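A.B. asks: Could you have a look at this structure, given as structure tokens, before my questions?
The values are calculated or read from the model by the stated rules, or taken from the named source; none is laboratory data. None of the values given here were measured: they were computed from a predicted structure. Heads up, the Cβs are rebuilt from the backbone with ideal geometry, glycines too, and the neighbour counts pull from every protein chain shown. These accessible areas exclude ligands, DNA and RNA; they are computed on the full protein's heavy atoms, side chains included. Shrake-Rupley method; radii C 1.70, N 1.55, O 1.52, S 1.80 Å.
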Amino acid sequence: PAGETPHVALLPSAGMGHLTPFLRLAAALEARGCDVTLITPHPAVSAAEARHVADFLASASPRVRPLEFHLLPFDPASANSTDPFFLQFEAIRRSAHLLGPLLASACRAPSAVVTDITIFSAFVPVIRAAGVPNYVLFTASAAMFALCAAFPSAAASLDGHAGTLDVPGLGALPVSWIPQPLRKPRNLFSAQFMENGRALTQVDGIIINTWEVLEGDTLAALNAGSVVPHLPLVTPVGPLPPVKLHKNSCLPWLDAQPERSVVYVSFGSRTALSAEQMRELGAGLEKSGCRFLWVVKSKKVDKEDEGVALEELLGDGYLRRVEGRGLVVKDWVDQDAILAHPAVGGFVSHCGWNSVTEAAIRGVRVLAWPRHGDQRLNAWVVERGGLGAWPRGWSWEGEAEVVGGEEIGQWVRELMEGPGVGMLQEDAVRAAGAGGKSNKGLGELIRKWNT
Ligand code: BUP
């Protein structure tokens with residue numbers, strides 16, 4: 001009812017890239033006086049994710065309340081995929097009918113429900129039946145959202161010969177930029193992607209963790225109805241400010257390094273490099289002559305990691321050779337704190353969207369090495385927006401070609417010698433700050449939910 005504090009129920013899916021912006025949105029809403037319910041699917045896809053949610057809840061204000069969403073048992077063999085994240089999306093989707101009774105059990109009826117883009121279409125009938133306004137949080141770039149919205153109709157023109165896909169608002173995209181599963185017929189991810197794309201007109205609004213200065217043209221095309229007609233209003237609310245959760249073991253090492261001398265290297269929470277590529281990257285960092293902080297990941301989810309030692313992954317003697325100049329870690333680090341550290345001057349990134357937004361907020365130039373999914377489109381946004389460079393030919397997951405150490409070393413040197421991105425940082429910080437466009441956009445949503 002009008003005048004009461006809005007109560008927003010948030011339903012993330014799986015993957016740090018999806019969970020992170022939900023936690024940031026929860027914190028931003030709470031800071032603006034909303035009551036927030038964080039609906040958490042159980043079991044989580046990884047121990048790291050379960051821990052992350054628990055840490056967030058332990059540090060959040062009591063205005064953020066958890067609500068456990070127990071998933072029905074699900075046989076992975078019944079779905080056409082082996083990817084742990086796609087299977088988790090499916091498990092959540094198949095349990096969608098359980099959300100109605102769960103919402104009814106919440107201490108207050110929600111003023112709005114915000115669901116993750118990967119799962120939302122399964123929840124449309126349930127949320128409609130509950131009579132609650134229904135919003136989607138899109139966790140990547142507006143460019144990727146345009147692809148998602150246009151894909152069901154554009155897919156017909158997926159022309160292997162021309163090698164491009166026409167996406168209104170973006171133009172003719174090389175097919176190689178499109179997430180790999182979408183280029184293959186009949187698989188779990190494409191089915192979910194298509195179904196979500198088709199259902200977008202059935203929700204009340206779309207929230208995106210991006211900002212006008214970075215993606216103004218794409219946002220304008222989306223809201224003019226030029227990407228697909230009858231889309232609900234798309235509101236950019238980004239870059240959502242990071243939430244402080246972890247202590248960071250790398251900071252003492254960074255404290256001892258000169259200003260802007262260290263390149264930070266990370267491919268995000270769900271991208272593992274092949275053993276051969278990992279060795280070449282190691283060689284490249286060594287050849288670059290730069291100081292580096294490298295977060296190594298050899299498995300997609302922690303359940304699969306049998307504790308392979310770094311020496312084994314990087315080759316004998318590597319760690320000794322780079323000692324003092326390079327720090328290699330396998331554990332979870334506080335990436336935002338690293339990017340904010342004055343010693344960090346560049347970021348070799350897979351261009352997961354959260355990493356891109358964090359690089360912008362902290363003013364760190366990016367060397368884009370997209371590996372899968374939405375990352376090539378995000379890298380294109382990075383390049384267009386002037387946040388960094390993208391060596392177009394560099395291979396991605398599943399491609400046999402290995403990028404050599406010599407070439408990597410050269411690009412890393414150029415990254416560290418390249419121009420600063422201070423102006424972009426100012427734009428990003430201004431957008432999310434008081435009076436900024438994204439900040440106002442979030443305020444308008446809250447006002448709407450309050451009437
Ligand atoms: Br790894 C790692 N510490 O050690 P993205 C990641 N992060 O804080 P992804 C850490 O996780 P998708 C670590 O700062 C970012 O906020 C990082 O999200 C943080 O990529 C988040 O950048 C990772 O979107 O997800 O994990 O590949 O594929 O869904 O984009």
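A.B. asks: Please list Lys244, Lys297, Lys440 in order of solvent-accessible area, largest first, computed with a 1.4 Å probe with all protein chains present. All intermediate terms of the calculation are to be shown ahead of the outcome.
C.D. replies: Working: Lys244 140, Lys297 55, Lys440 115 Å².
Largest accessible area first, the list is Lys244, Lys440, Lys297.
A.B. asks: What is the local net charge at Leu173, summed over the other residues whose Cβ is closer than 11 Å to its Cβ (Lys, Arg +1; Asp, Glu -1)?
C.D. replies: It works out to a net charge of 0.
A.B. asks: Still on this structure, please answer the following. Using DSSP, restrict attention to beta bridges with both residues in region 99-194 and report what percent are antiparallel, rounded to the nearest 5.
C.D. replies: Restricted to region 99-194, the bridges split so that about 55 percent are antiparallel.
A.B. asks: At a probe radius of 1.4 Å, what is the per-residue accessible area of Phe267, in Å² to the nearest 10?
C.D. replies: Estimated to the nearest 10 Å², Phe267 gives 10 Å².
A.B. asks: Please give me, ordered by residue number, the GluC sites (Glu not before Pro) of region 212-280 that lie in loop per DSSP and have at most 16 other Cβ atoms within 10 Å.
C.D. replies: Those that pass, being in a loop and sparsely packed, are Glu259.
A.B. asks: Rounded to the nearest whole Å², what accessible area per residue is found for region 269-374 with the 1.4 Å probe?
C.D. replies: Ligands and nucleic acids excluded, the figure is 36 Å² per residue.
A.B. asks: Determine the percent antiparallel among the DSSP beta bridges restricted to the chain, to the nearest 5.
C.D. replies: Once the DSSP bridges in the chain are tallied, antiparallel ones form about 10 percent.
A.B. asks: Another question, then. So if each residue of separation counts as 0.36 nm, and I subtract the Cα-Cα distance between Thr451 and Asp316, what length gain in nm does that give?
C.D. replies: Numbers: separation 135, 0.36 × 135 = 48.60 nm, distance 6.39 nm.
So the chain would gain 42.2 nm between Thr451 and Asp316.
A.B. asks: Send over a whole-number figure in Å² for the accessible area per residue of region 165-258, probe 1.4 Å. Let's see the in-between values first.
C.D. replies: Numbers: 4060 Å² over 94 residues.
In whole numbers, region 165-258 has 43 Å² accessible per residue.
A.B. asks: Past the 27 Å Cα-Cα mark, which pairs from Lys184/Lys330; Lys244/Lys297; Lys244/Lys437; Lys244/Lys440; Lys247/Lys330; Lys287/Lys330? Each step should come with its number before you reach the end.
C.D. replies: Working: Lys184/Lys330 33 Å; Lys244/Lys297 22 Å; Lys244/Lys437 24 Å; Lys244/Lys440 23 Å; Lys247/Lys330 15 Å; Lys287/Lys330 21 Å.
Those over the limit are Lys184/Lys330.
A.B. asks: Taking all protein chains in place and a 1.4 Å probe, what share, in percent, of the accessible surface of the chain do carbon and sulfur account for?
C.D. replies: Carbon with sulfur: 54 percent of the solvent-accessible area.
A.B. asks: Something else now. Once you have a ≥ b ≥ c as the square roots of the Cα gyration tensor eigenvalues for region 302-451, tell me rounded if a/c is under 1.5, and otherwise prolate or oblate according to whether a/b is larger than b/c.
C.D. replies: Prolate shape, in that a/c is at least 1.5 and a/b is the bigger ratio.
A.B. asks: Using only protein heavy atoms and a 1.4 Å probe, report how much of His7 is accessible, in Å² to the nearest 10.
C.D. replies: Here the accessible area works out near 0 Å².
A.B. asks: Residues of region 164-204 with amide nitrogen under 17 Å from the 7 Å Cα-to-Cβ point of Arg94?
C.D. replies: Zone members listed by number: 187-193.
A.B. asks: Next up: Treat each spin label as a single point 7 Å out from the Cα along the C-beta direction, and report the Asp255 to Ala77 distance in nm.
C.D. replies: Roughly 5.5 nm, to one decimal.
A.B. asks: Express in % the proportion of alpha carbon pairs of the chain at distances exceeding 27 Å.
C.D. replies: 53 percent
A.B. asks: Do the sum for the chain: with -39,500 (n - 2.57) for every DSSP H run of n ≥ 4, divided by all residues, what is the mean residue ellipticity at 222 nm, to the nearest 500 deg cm²/dmol?
C.D. replies: Estimated from H runs of four or more residues: -12500 deg cm²/dmol.
A.B. asks: Give the accessible surface of region 7-99 per residue, rounded to a whole number of Å², with probe radius 1.4 Å and ligands, DNA and RNA excluded. The partial results should precede the final answer.
C.D. replies: On the way: 3360 Å² over 93 residues.
Here the per-residue accessible area is 36 Å².
A.B. asks: Another one. What figure in square angstrom, to the nearest 10, would you give for the accessible area of Asp75 with a 1.4 Å probe?
C.D. replies: 90 Å²
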